[in-house]
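This report concerns only the one structure given below.
What follows is calculated from the coordinates using simple rules that are stated; it is not laboratory data. Keep in mind that what you see is a predicted model, and the values were worked out from it rather than measured. Cβ placement follows ideal geometry from the backbone for every residue including glycine, while neighbour counts extend to all protein chains displayed.
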Amino acid sequence: MRALPGKASRQPPGPEPVSRAASADDQRRRILEATADLVAEQGFAETTIEQIVRQAKVGYATFYKHYADKEEAFLALLDAALERTAYVVEEAYDREDGPWPDKVGAGLGALLKIAAEHPGVARACLVEAPTAGPEAAARHEAMLKRFAPLLRPGRELNPRADKLPASLEETLAGGVLWVINQRLMAGEAAKLRALLPEALEFLLRPYVGEEVAAREAGGAEAIGG
Amino acid sequence: MADGELGPLPAGRHGFTREQVAHNQRERLIAGLATAVAGKGYRAVTITDITKQARVSRRVFYENFEGKEECFLAAFEVVVGHIQELAMEAGGPSDSWPERAVASAAAVLRFFAEEPDLARLCLVESQAAGPVVAARFHETVSGVVPYLEQGRGERPEAQNLPPTTEDSTLGALVLLASRKVVAGEAEQLEEVLPDFAEFILAPYIGAEAASRIARPQAA
């Protein structure tokens, strides 16, 4: 097949070769997936680099090319998971055109969904991060801070907004993460999505009052997440 | 709980029975762990750090505990037991449920504010001391659920609260308190009592009544 004149220079030269960059990405992805699985299964302290390279099917040299030690691999995993989760949640929140409670429901639904779909990563982030040293715990803190702006607009719906504590948003986000954490510790990732109505009611109540919060939660239940 | 001030056991005839000495050694090891953990954090603490603080031998340590984790759990239980007593004794016998709940929360926050090292042990290190201790920490927090559930009897509306209300509320506050400790603000924990009290009570007695009880001076 001949390229049309003038277009040849823009055609890729034959089949795309496996580029060095793509294979490095793939190596990192495999290392992080293996780290997530192992940390979720047996805890951060018990996880060794030997186990990670075996499960990721990469050599030691490859591991050390990307990460200095297992802490660095775990932090990279937390950063990637936090970014991904925040993106998915914010995107669901933004895409929802309805009023603010619906937006919160959409964001919360996305959070529960991603945690249910990736229980190993979720467990690594929520259960293990606080136990894996101050750097990892700081990621946990960053996660709470990241969700706060999505809740803050609720203050406009509350006539007593000036009396709400400044820490309310992070407190509420903490409550939801705590319950997700509990489910993950109990090995009940499959039940996470069923939490949507009650977690939504918990998040909305301080802003819109109990009646509206319960009604919104009922709506979320009817839709089935 | 300034057990760190205990001196070494006097050698020779101190008139204690063997059980009394053993009990005392165990307590000193627990206090030693608390001091050592306050100094450098659970993960960095070694058995030597603990035995040095406790001024007992390694052999005595291993007679009492299998390792660092078991010693930490023992310390955690001692502190939690003390906090539970404070919470139970808080408030008067004729107090209503909301008043008792606020008095208990106040007692716990006061303890943490006065004992920042033990607050750290309980709220922060326990989450960072590995999966066994972290699970124990979660169990302990869940142990408070039945006391909060009593609030469901306060109003008909409260009976329809979602089942996870207590867990979410407790988890939210425990995380808030532990983040304050991490930020070095344990001493200020007493100041957040009105926020805590309102957050605890609102689902059960309604936002306005909760605000009245939590912030009597503002009313």
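Once a ≥ b ≥ c are taken as the square roots of the eigenvalues of the Cα gyration tensor of the protein assembly as shown, is the result rounded (a/c under 1.5), prolate (a/b larger than b/c) or oblate (a/b not larger than b/c)? Oblate is the answer for the protein assembly as shown, as a/c is 1.5 or above yet b/c matches or exceeds a/b. Averaging the sequence gap over all C-alpha pairs within less than 8 Å and six or more residues apart, then dividing by the number of residues, gives chain A a relative contact order of 18 percent. Counted by neighbouring Cβ atoms within 10 Å, the residues B:VAL108, A:VAL88, A:VAL104 run from fewest to most as A:VAL88, B:VAL108, A:VAL104. Measuring r between the beta carbons of A:GLU211 and A:ALA138 and using R0 = 45 Å, the FRET efficiency lands at 0.70.
For the listed residue pairs A:LYS70/B:LYS40; A:LYS145/B:LYS40; A:LYS57/A:LYS145, the alpha carbons are over 25 angstrom apart in A:LYS145/B:LYS40; A:LYS57/A:LYS145. Please grab the % of Cα pairs in segment A:81-178 that end up more than 18 Å from each other. Considering segment A:81-178, 48 percent of its Cα-Cα pairs are separated by more than 18 Å.
In segment A:84-195, a dipole from Cβ-located charges (positive for Lys and Arg, negative for Asp and Glu) runs towards its positive end, and of A:LEU195, A:GLY98, A:PRO159 it is A:LEU195 whose Cα lies farthest in that direction. Taking the three principal axes of the alpha carbon atoms in segment B:69-218, the coordinate ranges are 45, 32, 29 Å, sorted in descending order. The helix-only estimate of mean residue ellipticity at 222 nm for chain B, built from DSSP H runs of length n ≥ 4 each weighted as -39500 (n - 2.57), is -20000 deg cm²/dmol after division by the residue total. Counting charges near B:SER57 (Lys, Arg +1; Asp, Glu -1) among other residues having Cβ under 12 Å from its Cβ returns a value of +4. Counting only Cβ charges, +1 for Lys and Arg and -1 for Asp and Glu, the dipole size of segment A:70-223 around its Cα centre is about 200 debye. FRET efficiency for the pair A:MET185 and A:ASP97, taken as 1/(1 + (r/R0)^6) with r the Cβ-Cβ distance and R0 = 45 Å, rounds to 0.80. The magnitude of the dipole of segment B:123-219, with charges of +1 and -1 set on the Cβ of Lys/Arg and Asp/Glu and taken from the Cα centre, is near 100 debye. The long axis of helix B:68-89 is offset from the longest Cα principal axis of chain B by roughly 40 degrees.
The residues A:ARG28, A:ARG95, A:ARG205, A:ARG155, when put in order of fewest to most other Cβ atoms within 10 Å, stand as A:ARG95, A:ARG155, A:ARG28, A:ARG205. Annotation: peptides A:48-54, A:160-166, ranked by per-residue average of other Cβ atoms within 10 Å with the highest first, follow the order A:48-54, A:160-166. Taking the centroid of alpha carbons for each part, segment A:77-126 and segment A:31-62 are 25 Å apart. Counting Cβ atoms of other protein chains within 10 Å of each residue's Cβ and taking the mean over peptide A:199-208 gives 3. Based on the convex hull around the alpha carbon atoms, chain A presents an average projected area of 17.6 nm².
Computed about the Cα centre, the dipole magnitude for chain B is approximately 860 debye when only Lys and Arg (+1) and Asp and Glu (-1) carry charge, each at its Cβ.
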